[in-house]
Amino acid sequence: MILCTFNCRVNYGENLVLDFGHLVVHFFFSDGRELKVRHMSHPAQYNHTLATILVEFASAVYLSDLTQLFTWTCTRCGDLTKGFEIIELVVDVEHCLQAFVGVAEDPLAIIIAFRGTNEHSLQNWIEDLYWKQHEINYPDMDDAMVHRGFYTAYHNTTIRPTVLGAVERAKKFYGDIPIIATGHSMGGAMAAFCGLDLVVNKQENKVQVMTFGQPRIGNGVFASLYSQLVPNTIRVTHDHDIVPHLPPYYYRLPQKTYQHFPREVWLYNIGLGSLVYRVEKICDGSGEDPDCSRSVSGNSITDHLVYYGVDMGSDDPATCRIVMNSNVLNTSTRDSGGNIFLSRDPASSLLKLSREFDDPEDPVNSD
């Protein structure tokens, strides 16, 4: 799909989305030819409204104030996510990882959000983002290879058992509602592994994944199998964002190179004179559409840190510091590794919880 306006040229067989301020217009053109799809026969459908909601969750999970985050009173807990109730918030202190599980009113779904890398370590992380492939220990995924670091961050830390346990608790109370996993940067990679885990190992059949600025996480075999198992997946990329270009894609090494799974939505701007319009280009079903983000150089960290106008970095980029008031500190639990868990019974009142944790005393800082 290509997005254009007024006097721009349209290529047939592609979709267009234009954003005029708050008005988003979708155009669909077809010359009767079938879309070439390498990975799946029914690519995920992009929903702009859902994307603007989920990007707020992917942004909020970066915050260091666990009190505000757990009671959903944080500065990034905006109107689009009003009524969200966190069931579990986990901080893996050793690996500087953070995630939460909760239930949203609109859409009515279990939301899982994973924090990405903070800006302080982003450059070092990018420099290290190359050939560390690892066999995935899943049934019927022979020859599928994945990035060892991303796979380990989800599977071999406190994150996975805590998230899966919270999902189980939420389903017992709310019933068989959809599950949506989201995240930005490395958090997007973890969200993708979580979605696959829920489908393959927990036999969940209402799983959706939407990520922002996600790197490649596996080889071509993995990308193909992933798209079959978790077809309702959208990867949003932004202009010249460097991270979706990593690890590099080597078309001369098809068996070994990392490849994206579909479906990409590429955000960028076009200018007409003094006017600038935001474009949301819905890409083809290959995962590596040469006319989307791969058509430009991936050289911008700035583009990586903003999606849909929302800041996607930590509020304290220099460290993995966390903040809690004394009431939250006293009600939280820690394991032998110092990892922090904040849990809530889905039946409890969020308003009551917020009042209980409203403490005028100085917050407790932890690094």
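The values are calculated or read from the model by the stated rules, or taken from the named source; none is laboratory data. Treat the numbers as computed from the prediction; the structure is a model and nothing was measured. Note: ideal-geometry Cβ built from the backbone for every residue, glycine included; neighbour counts use all protein chains shown. These accessible areas exclude ligands, DNA and RNA; they are computed on the full protein's heavy atoms, side chains included. Shrake-Rupley method; radii C 1.70, N 1.55, O 1.52, S 1.80 Å.
Structure data summary
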read-out: Selection count, the range 232-277, where residues are of a type in the set (S, T, N, Q) and on the phi > 0 side of the Ramachandran plot; value: 0
read-out: Residue list for the range 69-82, filter: out of contact with any Asp or Glu (no Cβ under 6 Å at 6 or more places or on another chain) and either closer than 10 Å to Asp315 by Cβ or not in a helix (DSSP H, G or I) (or both); value: Thr71, Trp72, Thr73, Cys74, Thr75, Arg76, Cys77, Lys82
read-out: Enumeration of residues in the range 193-211 that are within 15 Å of Ala99 (Cβ to Cβ) and in contact with a strand residue (DSSP E or B) (Cβ under 6 Å, 6 or more places away or on another chain); value: Cys194, Gly195, Leu198, Val209, Thr211
read-out: Residues satisfying the stated conditions in the range 52-66, i.e. surrounded by fewer than 23 Cβ atoms within 10 Å (Cβ to Cβ) and within 13 Å of Leu342 (Cα to Cα); value: Asp65
read-out: Those residues of the range 31-61 which are at pLDDT below 65 and touching an Asp or Glu at 6+ places or on another chain (Cβ under 9 Å), in sequence order; value: Leu35, Lys36, Val37, Arg38
read-out: Cβ-Cβ under 9 Å pairs, at least 6 apart or on other chains, the range 151-173 side surrounded by fewer than 22 Cβ atoms within 10 Å (Cβ to Cβ), far side hydroxyl-bearing (Ser, Thr, Tyr) and in a helix (DSSP H, G or I); value: Arg160/Tyr154
read-out: Thr257, sole failed condition from (1) over 17 Å from the mean Cα position of the chain (by Cα); (2) under 23 Å from Ser59 (Cα atoms); (3) surrounded by fewer than 22 Cβ atoms within 10 Å (Cβ to Cβ); value: (2)
read-out: Complete set of residues in the range 296-309 that are at pLDDT 95 or above and either in contact with a Phe, Trp or Tyr (Cβ under 6 Å, 6 or more places away or on another chain) or hydrophobic (A, V, I, L, M, F, W, C) (or both); value: Val296, Val306, Tyr307
read-out: Output for the range 89-107, where each listed residue is charged (D, E, K, R), in contact (Cβ under 8 Å) with a residue 24 or more places away in the chain and either open to solvent by 10 Å² or more (accessible area, probe 1.4 Å) or in a helix (DSSP H, G or I) (or both); value: Glu94, Asp106
read-out: Strands (runs of 3 or more DSSP E) contained entirely in the range 247-329, each with at least 3 residues that are under 18 Å from Gln214 (Cβ atoms); value: 264-272, 275-282
read-out: Enumeration of residues in the range 274-301 that are charged (D, E, K, R), open to solvent by 60 Å² or more (accessible area, probe 1.4 Å) and either in contact with a helix residue (DSSP H, G or I) (Cβ under 7 Å, 6 or more places away or on another chain) or more than 26 Å from Tyr226 (Cβ to Cβ) (or both); value: Arg278
